[in-house]
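These notes are about the structure you will find just below.
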Amino acid sequence: MFCERNVRILFLCLFTCLSIVFAGCGTQSTIGSHGGSSFNETLIWSDEFNPSEGVNQPSSTNWSYRTGIGNGSELEIYCGKASASPCDSEQPNAFSDNDGFLHIAARRVASNSYTSAMIWTQGLQSFQYGRMEARMKLPSVAGFWPAFWMLGNNFNQYDQSTWPECGEIDVMETHALSPVTVLGSIHGLGFVGQQIVHKYSMLANSTISSEFHSYGILWSPKKIEFYIDDPSNIYSSVTPESLPQGAVWPFDGQKFFFVLNMSVWSPASSSQEEMLVDYVRVWREETAD
C-alpha cells in the first residue's frame, strides 16, 4: 500500500480486467471449508462503532490517524481530527454516526484533489493468529479504492525501508473496476504487486455497494485463508510454499495492526463517496478435529 502502490495499481488493474474478460482463466473464487474442522471461538476484541452520543470520531483507544498526502499519483489528502485546510473538522472524513457505522468519506475539494481518511490501530491494538473480520458496504464508483488491511508492528511510516519486510495482509481491497469483485492479497520481501493476488466475484444479484458483506481471514501459523461472508466460504489459501523462490514469509514473527482507508485515483467519477464499516472483530480460534 505504500512505496510500491503505483506499480501495484498497474498490475491489479490489468489483473482484474483480464480476469473479467477471461472468466475461465486465472484465480477463480471457490466455495470451501476450513479443513473440515469445527471451531470454538472466543471474541477477544472488537470495535462496533457505536457512538455514545451524537456524531463521534473513531475511538482513540483503538484508532489513530495517518495524515498528509496520499502516495504517488493518488489524489487524496488524509485528514485527522485537527488537520489544516483543506480538511474540515466540521465535516470529518472518519466518523461514527447514530446509524452505528463508521463512515470513511472521500470528498472532492478541488479539481483532482480530495480529502479522505486513513485510520489504523498501530500502537493501540495488534494481533497474531485467529479470525479477523470487518463487515462493510463499499462504493463501486471508478476511482475510489476502499481497503481493509494489516501491517506488521515494526512498520514505520517515517522509514519506508520497513516495508515490505514488515509484511502486509490486504484482507479486502477493491478499485471499482467491477462492482462485484474484491481482491485479497499478501505482500512481503520478494513478493510485491501482482504476485499473490486473488479475486472473489460476488454471487448473482449481489454487489459490493448494494449490501453489506463480511470480509475476513483465518490466520494460523504458516497459513492465511481469505473468505467472504462466512468463514467456510474460503476463496484463497496462502502458505510459505505459495511464495516465489527466495521470498520471505513475514507472518509468523510478530503481531499485525489494522488499517482502514479509502484512496482516490484519476479519473474519479464522483464528488463524494463513502465506505461504511459495521464492525471490526477478532476471534481467537481453537480447532477441534
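The numbers here are math on the coordinates, done by the rules we state, and not lab data. Since the model is a prediction, treat every value here as computed from it, not as a measurement. Positions of Cβ are backbone-derived with ideal geometry, glycine not excepted, and every protein chain shown enters the neighbour counts.
Within the range 186-289, list the trypsin sites (Lys or Arg not before Pro) lying in a DSSP loop whose Cβ has at most 16 other Cβ atoms in a 10 Å radius.
Lys222, Lys255
So if each residue of separation counts as 0.36 nm, and I subtract the Cα-Cα distance between Ser59 and Ser89, what length gain in nm does that give?
9.2 nm
Using each residue's phi in the range 265-280, evaluate 6.51 cos²θ - 1.76 cosθ + 1.60 at θ = phi - 60° and report the 3J(HN,Hα) Karplus result to the nearest Hz, with x for Gly and Pro.
Running phi through 6.51 cos²θ - 1.76 cosθ + 1.60 with θ = phi - 60° gives 10, 7, x, 7, 9, 8, 7, 7, 9, 10, 9, 10, 10, 6, 6, 10 Hz.
Restricting to the range 5-284, compute how many DSSP beta bridges are antiparallel as a %, nearest 5.
95 percent
Quick one: grab the alpha carbon gyration tensor of the range 5-284, order the square roots of its eigenvalues as a ≥ b ≥ c, and give me rounded if a/c is under 1.5, else prolate or oblate depending on whether a/b is larger than b/c.
Note, shape of the range 5-284 comes out rounded.
Of the listed peptides 203-216, 256-269, 98-111, what is their order by residue-averaged count of other C-beta atoms within 10 Å, with the highest listed first?
Output ranking for 203-216, 256-269, 98-111: 256-269, 98-111, 203-216.
Any lysines with Cα under 26 Å of the Lys199 Cα? List them, leaving off those in the same chain fewer than 8 positions away.
Lys137, Lys222, Lys223, Lys255
Add +1 for every Lys or Arg and -1 for every Asp or Glu among the other residues with Cβ under 12 Å from the Cβ of His213, and state the total.
Overall, the nearby charge balance is -3.
Would the range 133-245 count as rounded, prolate or oblate if I go by the C-alpha gyration tensor, calling it rounded below 1.5 in a/c and otherwise prolate when a/b exceeds b/c, oblate otherwise?
Taking the square roots of the gyration eigenvalues as a ≥ b ≥ c, the range 133-245 is prolate.
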